[in-house]
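Scroll down for the structure; my scribbles are underneath it.
Computed from the coordinates by the stated procedures, all read-outs in this text should not be read as laboratory data. In this text, all values refer to a predicted model and were calculated from it rather than measured experimentally. Glycine gets a Cβ as well: all are built from the backbone with ideal geometry, and neighbour counts include every protein chain shown.
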Amino acid sequence: MAVDVELVRKNFHAISPKVDEVMETFFATLFLRYPDVALLFDGVNMQQQHRMLANVLVFVVENLDAMEIASGTLEEMGRRHINYGAEPEHYPAMGECLLHALATVTGEDWNDELESQWAEVYAAISASMIRGAEKATETSATS
Ligand code: HEM
């Protein structure tokens with residue numbers, strides 16, 4: 001299924017002024033539901049983390065109609081995430097918490113369509129990041 005670019009952009013622009021709330025809800029949900037994954041953020045500057053994650057979302061939403069361009073950057077990010085201790089099985093937890101945060105901040109305008117479109121967007125992000133990590137592991141295994 002292709003992403004409904006306009007729908008996702010419209011929602012993202014509507015909640016952009018509340019991006020801090022999205023990030024706070026996202027990490028609060030992650031810490032509550034997935035304390036094991038949250039442990040990996042120990043010692044990380046969370047203000048900075050909020051900003052960097054928000055920037056990735058802006059970047060992805062801007063490039064929704066050119067995900068092949070965004071995928072190189074996301075692969076690089078995934079490669080760096082090996083050093084942060086991120087494993088492929090952590091990605092669904094992050095996605096669940098992100099969708100929960102988007103839904104919470106969107107409020108009554110949230111619906112099944114937005115849920116499935118954002119799930120699609122996150123699936124593309126995580127697939128690229130995991131691919132980047134895998135490529136890096138393969139390269140280091142063969143060199
Ligand atoms: C799958 C589980 C994930 C874990 C455990 C994780 C963990 C971390 C950690 C520990 C850092 C390091 C911060 C520091 O040392 O200052 C980091 C950085 C970062 N994370 Fe994640 N992350 C995950 C997934 C994601 C996803 C899905 C995104 C984007 C949608 C993302 C975006 C970023 C960005 C933009 C940075 C800044 C540094 C960089 O780009 O390398 N992370 N992450």
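Would you be so kind as to identify which of 50, 29, 97 lies farthest towards the positive end of the dipole of the chain, taking Lys and Arg as +1 and Asp and Glu as -1 on Cβ and the Cα centre as origin? Projecting each Cα onto the dipole axis, the largest value belongs to 50.
Per the Debye calculation on the stretch 5-135 with a single equal scatterer at every Cα and no solvent contribution, log₁₀ I(q)/I(0) for q = 0.10, 0.12, 0.14, 0.21 Å⁻¹ amounts to -0.30, -0.43, -0.60, -1.45. Here the stretch 14-42 is scanned for amide nitrogen atoms under 20 Å from the site 7 Å beyond the Cα of residue 113 along Cα-to-Cβ, giving 14-16.
In this rough spin-label picture, where each label sits 7 Å from Cα along the Cβ direction, the residue 76-residue 13 distance is 2.8 nm. Here the chain is treated with +1 on each Lys and Arg Cβ and -1 on each Asp and Glu Cβ, and its dipole about the Cα centre works out to around 480 debye. DSSP H helices in the chain with Cα extent of 27 Å or more along the helix axis and mean Kyte-Doolittle hydropathy at least -0.5? Those that clear 27 Å and a mean of -0.5 are 112-142. Toward the positive end of the charge dipole of the stretch 5-135, with +1 on the Cβ of Lys and Arg and -1 on the Cβ of Asp and Glu, the farthest Cα among 83, 64, 130 is that of 83. With each label modelled as a point 7 angstrom along the Cα→C-beta vector, the residue 134-residue 6 pair spans 3.5 nm.
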